[in-house]
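What follows draws every value from the coordinates through simple rules; no lab data is involved. Everything numeric here is computed off the predicted structure, so don't read it as measured data. As a convention, Cβ positions derive from the backbone with ideal geometry for all residues, glycine included, and neighbour counts pool all protein chains shown.
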Amino acid sequence: MKVLLVFAHPEPRSLNGALRDIAVKELEALGHEVRVSDLYAMRWKPEVDRADFPALAPDARLKVAAASGEAFAAGALSEDVKAEQERLLWADVLILQFPLWWYSMPAILKGWVDRVYAYGFAYGVGELSDRHWGDRFGEGTLAGKRAMLIVTTGGWEEHYSTRGINGPIDDLLFPINHGILYYPGYDVLPPFVAYRVDRLDDAGFQSVAERLRERMRTLGSIPPIPYRRQNGGDYLIPSLQLRPESGDPAASGFALHRNDAAAPGRDAGSDTTANTSVCEFSRDR
């Protein structure tokens, strides 16, 4: 397989840097081809602005979606954006790796999404009709490919449980898994989450490292999260409301958009096995 790992941490000597190296080494040992987009090392520009659309007239009002679509159609997006789009088309698997900062991804990674996911590339594709509301949520440019998250957090696993103070980790990651990865068509794999990672001792690190190696070994076979396809019959079009007869009547929130009954094998929720050691402190992970 061809794997693109988009890495978002400012310190190469961080735990995230070590885990990135472990993932890449394991994938290459398995015969996969790996490319890494190290956003901080690349000095990636995170903000969308006029510089992204070189052909836009100087006196024209910037309407981002329209400018994005016109530039994409004309092959006139900025060169850094076009290079990342080519990498996404090249890769069979996309991995986004980041520390959980303020319940989300670092700003530089969100900026990568904002700029690379251009209109006509990741959104704004497919027909709009009374039967089909665009190619998205299970369809789209990146359909047939796989994607997953590697996430570290200083909080305990219990902090991210159903009754935990931070809320369930699946809910926190839903906007990324469903809204960023599933939207343009990826089959989204359960995230690899390492909890309580700050000041890990050696035994704790080895445990996390081995779990990550095992996940890389199963990258092509682990079942994806069983999200419902937008145009698969579960949603009314054009309101995009889940049909009353679809899903568990007792379910609510983000869980409504999963069809676990149709998932093969075990539940395809988060990989939250094997707690690792010691206390939380800073964003050094």
Could you give the semi-axes, largest first, of the ellipsoid that matches region 131-257, computed as the square roots of 5 times the alpha carbon gyration tensor eigenvalues and rounded to whole Å? 31, 18, 11
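Send over the per residue convex hull volume for the chain, Cα only, as a whole number of Å³.
Spelled out: Cα convex hull of the chain, divided by residues, is 141 Å³.
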A correct Karplus calculation of ³J(HN,Hα) over region 251-263, with 6.51 cos²θ - 1.76 cosθ + 1.60, θ = phi - 60°, whole Hz and x for Gly and Pro, returns 6, 8, x, 5, 4, 4, 8, 10, 10, 5, 5, 8, 6
Classify region 165-225 from the C-alpha gyration tensor, please: rounded if a/c falls under 1.5, else prolate or oblate depending on whether a/b exceeds b/c. oblate
Region 79-157-region 199-251 distance, computed between alpha-carbon centres (Å): 15 Å
Exposure-ranked with fewest Cβ neighbours within 10 Å first, 90, 112 stand as 90, 112
State the three equivalent ellipsoid semi-axes of region 5-47, derived from the C-alpha gyration tensor as the square roots of 5 times its eigenvalues, in descending order and whole Å. 21, 13, 6
Apply the Debye scattering formula to region 57-173, with a single equal point scatterer on each alpha-carbon and no solvent, then give log10 I(q)/I(0) at q = 0.13 Å⁻¹. -0.69
Counted neighbours (other Cβ, 10 Å), sorted fewest up, put 4, 89 in the order 89, 4
Hey, can you grab everything whose amide H is under 5 Å from the amide H of residue 36? Only 5+ residues off in sequence or another chain; H modelled, so Pro and N-termini drop out. 5
If one puts a single equal scatterer on every Cα of region 117-160 and applies the Debye formula without solvent, what log₁₀ I(q)/I(0) results at q = 0.15, 0.21 Å⁻¹? -0.57, -0.73
Looking only at region 2-231, where both bridge partners belong to it, what percent of the DSSP beta bridges are antiparallel (to the nearest 5)? 10 percent
Can you sort 165, 222 from fewest to most other Cβ atoms within 10 Å of each residue's own Cβ? 165, 222
Over region 108-257, what is the percentage of antiparallel beta bridges among all DSSP beta bridges, to the nearest 5? 25 percent
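Under Stokes-Einstein, with the Kirkwood radius over Cα pairs standing in for Rh, what whole-number D in µm²/s applies to region 185-265 at 10 °C and 1.306 mPa s?
Translational D for this selection: 102 µm²/s.
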